[in-house]
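Values quoted throughout were computed directly from the atomic coordinates according to the rules given, and no laboratory measurement underlies them. Keep in mind the model is a prediction, meaning the values are calculated, not measured. Note: ideal-geometry Cβ built from the backbone for every residue, glycine included; neighbour counts use all protein chains shown.
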Amino acid sequence: LSQLYGPLNSLGYIYRTINQSLVDAEKLLRLLDEDTDVNDKPNATELVVTDGEIEFDNVNFSYDGRSTALNGVSFKVPKGSSVALVGESGSGKSTILRLLYRFYDLKDSEGRILIDGQDIRDVTQASLRRAIGVVPQDSVLFNHTIAYNIGYGKFGSSPEEVEAAAKAAQMHDRIISFPDGYETKVGERGVRLSGGEKQRVAIARTLLKNPPILLLDEATSALDTSTEKDIQKALQNLVQGRSSLSIAHRLSTIASADIILVLKEGKIVEYGSHSDLLARGGIFATMWADQTSDEQSIPAPVPLPAHG
Ligand code: ATP
């Protein structure tokens, strides 16, 4: 029996790995209905990540061969730095993440995407996806225990590793408040978690996966202040020391990014640090002023008079 257990166990691992990639990818990349056609080259090599530096080199991309989704996009994510993508709907933010995850391959004439100098078209998709962690907008949980949902990030992870990841993702205290703690069933047939809690489970899972590169798609929905703080802390722990590309909606994320890339109609129209872009007084400065004034216009709660 033990001879059988080994192969079965690795099959389980393969199944879970594939399944996880699909779950993450489906949600982040909304690709269910899309026809993708990316194949490894016969001589594809394994991606070797040394620094995790990402480069888009004059990337031009169209989904349908007619309208342009990205137009002459060039930028670098230096080793360990965080880049926030901002811009109106349809400006090309998700397309950048999809291309880096290689849901589409660029044609030779459409520019290049490099990781540590290696063209991602020349490496195996499996090695590319192992190097990239994805935290989607709306994380999917399995109808299983919370320990399983977190432990998924790393095959054979110990309960101590799961707990350490949950702590770094600001989820431990919430988990131990459940009657069965880490063994509590979550998902449709178990405890229902809020969007912010599901995202923290996804962050814990990705912490265990420990990838050098991260793609983050922030939820647009409004969060209460304490959830917002917890998620920010969890994200800080995750982003620390990794190269990350985030579709950023929250002011706190945008302000703390090393570099902000402002997209408009598939082009980079502004690029720089938060303070550079504010000083420039361009599109970003206007967006920032609009968003901050929106937040300030929300009336503060009025304290109820004391009864006595
Ligand atoms: P949002 O903030 O709304 O998610 P975005 O900035 O992420 O928008 P993209 O999804 O990257 O924008 O879209 C860039 C352009 O490509 C848009 O014009 C969009 O209509 C187009 N596009 C996106 N996905 C597809 C697709 N699967 N097929 C055809 N066109 C697409």
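Charge tally for Asp276 (other residues, Cβ to Cβ under 12 Å; Lys, Arg +1; Asp, Glu -1): -1. Among the listed pairs Lys41/Lys267; Lys154/Lys198; Lys76/Lys264; Lys76/Lys107, a Cα-Cα separation exceeding 23 Å is found for Lys41/Lys267.
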